[in-house]
Amino acid sequence: MKLNPRTWKAVVFDFDGTLAQLNLDFPMMRAAVRKLPLCRAIPEEKLANLMTIEMIEAAGLFIAEQNEQDALRFLNEAYRLLTDIEIEAAHNGKLFPGTRMLLAELKRRAIKTGIVTRNCRAAVEILFPDSTLYADATVTRNEARNVKPHPGHIWEVLELLGVPQTDAVMVGDHPMDITSAKQAGSCAVGVLTGSADAKSLYDAGADMVLKDASELLGLI
Ligand SMILES: [Mg+2]
């Protein structure tokens with residue numbers, strides 16, 4: 001892990017709250033999945049403190065203990081519901097005004113760029129239809145073998161970029177982005193354009209916290 005920004009060879013960005021306006025209501029999404037008939041029957045202690053994706057997976061395993069067909073049906077319904085909510089939010093969202101300029105400038109400086117997101121591919125394409133012109137690789141929930149906070153999500157995009165984790169920085173608005181980056185062996189930069197404040201990003205282990213992702217250009 002290289003703390004000097006001038007040695008970074010790749011920047012991996014989170015999407016919602018970092019490159020695009022965060023308008024996903026995570027508690028509402030979790031509650032909507034929780035209301036699905038097959039999920040409603042599961043005791044809360046089995047699912048407590050889990051974020052939506054992890055809750056869906058845990059509920060799927062719980063249901064599969066009784067009936068594997070029900071579990072498959074639940075997983076299909078839950079991910080469809082999640083995707084529908086994400087797509088609707090994407091239609092109401094927008095990229096931050098500086099995002100394309102930031103990515104284009106990093107490319108001009110020969111720095112690889114990647115995007116890792118727990119959001120679905122369809123939502124990213126609605127908000128950023130020309131992302132392949134700007135970012136070298138994007139790994140959404142649909143392609144990831146593991147999603148953040150698993151560090152494997154960051155390793156997957158870095159493998160596509162051909163850059164070792166020690167030469168990369170992860171930029172994100174959520175403490176989870178910071179802890180994933182640290183576990184992956186990369187630097188971590190927090191940004192204040194999402195839901196978290198500077199203290200919670202530093203508490204998660206951020207090497208620095210910026211007002212927004214475009215401020216990176218002053219460091220690299
Ligand atoms: Mg985010």
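The values are calculated or read from the model by the stated rules, or taken from the named source; none is laboratory data. The structure displayed is predicted, hence computed values, not measured ones. All Cβ positions, glycine included, derive from the backbone under ideal geometry; neighbour counts span all protein chains shown.
Quick check on my filter: what residues within segment 96-120 are part of a helix (DSSP H, G or I) and among the basic types (Lys, Arg)?
Step one: list which residues in segment 96-120 are part of a helix (DSSP H, G or I), which gives 99-108.
Selection gives Arg100, Lys107, Arg108.
Using the structure shown, decide if Lys2 is under 30 Å from Val163 (Cβ atoms), modelled with pLDDT under 95 and surrounded by fewer than 16 Cβ atoms within 10 Å (Cβ to Cβ). Walk me through it before giving the result.
Details: under 30 Å from Val163 (Cβ atoms): yes; modelled with pLDDT under 95: yes; surrounded by fewer than 16 Cβ atoms within 10 Å (Cβ to Cβ): yes.
Taking the combined requirement at face value, the residue satisfies it.
Consider Ile111 carefully, then state whether it is over 14 Å from the mean Cα position of the chain (by Cα) and without any contact (Cβ under 8 Å) to a residue 40 or more places away in the chain.
Values: over 14 Å from the mean Cα position of the chain (by Cα): yes; without any contact (Cβ under 8 Å) to a residue 40 or more places away in the chain: no.
So Ile111 does not fit the description; no.
Only one of Ala123, Ala198, Ala188, Ala206 is under 25 Å from Glu54 (Cβ atoms), without any contact (Cβ under 8 Å) to a residue 24 or more places away in the chain and within 16 Å of the ligand (Cβ to nearest atom). Can you tell me which?
Details: Ala123 fails: without any contact (Cβ under 8 Å) to a residue 24 or more places away in the chain; Ala198 fails: under 25 Å from Glu54 (Cβ atoms); Ala206 fails: without any contact (Cβ under 8 Å) to a residue 24 or more places away in the chain.
Step by step, each of Ala123, Ala198, Ala188, Ala206 is checked, and only Ala188 is under 25 Å from Glu54 (Cβ atoms), without any contact (Cβ under 8 Å) to a residue 24 or more places away in the chain and within 16 Å of the ligand (Cβ to nearest atom).
Could you figure out which of (1) surrounded by 13 or more Cβ atoms within 10 Å (Cβ to Cβ); (2) outside any helix (DSSP H, G or I); (3) free of Cβ contacts under 8 Å to residues at least 40 places away in the same chain; (4) among the small types (Gly, Ala, Ser) isn't true of Gly93?
(3)
Filter segment 158-173 for residues that are within 16 Å of the ligand (Cβ to nearest atom) and over 12 Å from the mean Cα position of the chain (by Cα) and give the result. If you could, list the steps in order and put the result at the bottom.
Going residue by residue through segment 158-173, those that are within 16 Å of the ligand (Cβ to nearest atom) are 169-173.
Of everything in segment 158-173, just one residue is within 16 Å of the ligand (Cβ to nearest atom) and over 12 Å from the mean Cα position of the chain (by Cα), namely Val169.
For segment 1-21, which positions are within 16 Å of the ligand (Cβ to nearest atom) and charged (D, E, K, R)? Full working, then the answer.
Looking only at segment 1-21, we keep the residues that are within 16 Å of the ligand (Cβ to nearest atom), and these are 11-21.
Asp14, Asp16, listed by residue number.
Taking segment 172-219 as the region of interest, how many residues are of a type in the set (Val, Ile, Thr) and either crowded, with 24+ Cβ neighbours inside 10 Å or outside the structural domain of Pro149 (by TED's automatic domain parsing) (or both)? Show your work before the answer.
We begin by selecting, within segment 172-219, every residue of a type in the set (Val, Ile, Thr); these are 178-179, 189, 191, 193, 209.
Filter again for either crowded, with 24+ Cβ neighbours inside 10 Å or outside the structural domain of Pro149 (by TED's automatic domain parsing) (or both), leaving 178, 189, 191.
Qualifying residue count, segment 172-219: 3.
Per-residue answers, yes or no, for (1) surrounded by fewer than 21 Cβ atoms within 10 Å (Cβ to Cβ); (2) under 19 Å from Ile154 (Cβ atoms); (3) not acidic (Asp, Glu):
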| site | (1), (2), (3) |
| --- | --- |
| Val12 | no, yes, yes |
| Asp16 | no, yes, no |
| Leu22 | yes, no, yes |
| Arg30 | yes, no, yes |
| Leu47 | yes, no, yes |
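Among the residues of segment 17-41 satisfying the criterion of being at pLDDT below 95 and outside any helix (DSSP H, G or I), which is farthest from Ala78 (Cα to Cα)?
Step by step, filter segment 17-41, then rank; the result is Leu22.
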